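Here is the structure we will look at, set down as C-alpha cells.
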Amino acid sequence: MRPADGQVLHFSEDPSITRFVPHVAATAQQPEAYVWAVDHDRAPDYWFPRQCPRAMAWVRPETTTDDRERIIGAGCGERVHAIEYAWLDAMRTTVLYAYRLPAERFRPFGDHARVATETVEPLGAPEPVGDLLECHARAGIQLRVLDNLWPFWEQVIASTAGFSGIRLRNARPAAR
C-alpha cells in the first residue's frame, strides 16, 4: 500500500476517521499540533500494528559493503524490518487501514514524515491495507522476527545503513 502521485498516506487501525485534526501526540518531541502522514518511500515503516515496536534499516549510498552484508544481508534486497516474536500474531491479525490525503496540504518533517497544520479530509474511504506480511513480501522487504530487538538495533545505529525505530519503548527490555 503506497500513495499515488499527489497523495500521502495516514495509517490507522480505526476505519471511522472522517477528518484529521492537528494534535500534539502523547509521544511528541515538539509542541506544535500536526496531522501526520507519510510519502511513498516511508509508507512501509507503517505496515505494522500501531503499537508494534520495529527496527528498520536500509541501504544508503554511503552504506559500506560490510554493513550491507551484516545488517541487510548479502543478496537480500535494500531494506530490512525487524519485530519481536511477541508481535507476530498481531502482524498476522491486525486490520490496518490507509487514508489517502492530498499531498499539497503537507510539508516535509525531517526525512521521515509529512505534516499539516490545518484539518485535512481524506480523499476517499479508508482502504484496508491487507496482509501485513504480504505487504513486506510484495515490496521485497525482509521481515525478521527476533526474540529481542535491542541487539539488532544496536548494530543498526552503529552502522552506515539508514535506519528508523518506531515504538521501541514497547520492545522487550534489553538483555544485560
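Coordinate-derived values only; no laboratory data. None of the values given here were measured: they were computed from a predicted structure. A quick note on method: Cβ atoms are made from the backbone with ideal geometry, for glycine too, and the neighbour counts reach across all protein chains shown.
Could you list 16, 159 in order of exposure, starting from the residue whose Cβ has the fewest other Cβ atoms within 10 Å? Provide the component values of the computation, followed by the final result.
Values: 16 7, 159 18.
Going from sparsest to densest Cβ surroundings: 16, 159.
May I ask you to order 124-135, 160-171 by the average number of other C-beta atoms within 10 Å around their residues, highest value first? Walk me through the intermediate numbers first.
Working: 124-135: 15.0, 160-171: 16.8.
The packing order, highest mean first, is 160-171, 124-135.
In the neighborhood of residue 22, defined by Cβ-to-Cβ distances under 9 Å, what is the net charge if each Lys or Arg adds +1 and each Asp or Glu adds -1?
Values: positive: none; negative: 32, 118.
Value of the local net charge: -2.
Counting other beta carbons within 10 Å of each residue's own, what order do 24, 145 fall into, fewest first? Can you show the working numbers first?
Working: 24 11, 145 14.
Ascending number of Cβ neighbours within 10 Å: 24, 145.
Near the amide H of residue 20, under 5 Å away, which other amide H atoms are found, from residues 5 or more places off or on another chain, if H is placed in the peptide plane?
Amide H neighbours of residue 20: 120, 121.
Once you list every other residue whose beta carbon is under 10 Å from the beta carbon of residue 121, what net charge do they have if Lys and Arg are +1 and Asp and Glu are -1? Write out the running numbers ahead of the final one.
Working: positive: 19, 105; negative: none.
In short, +2.
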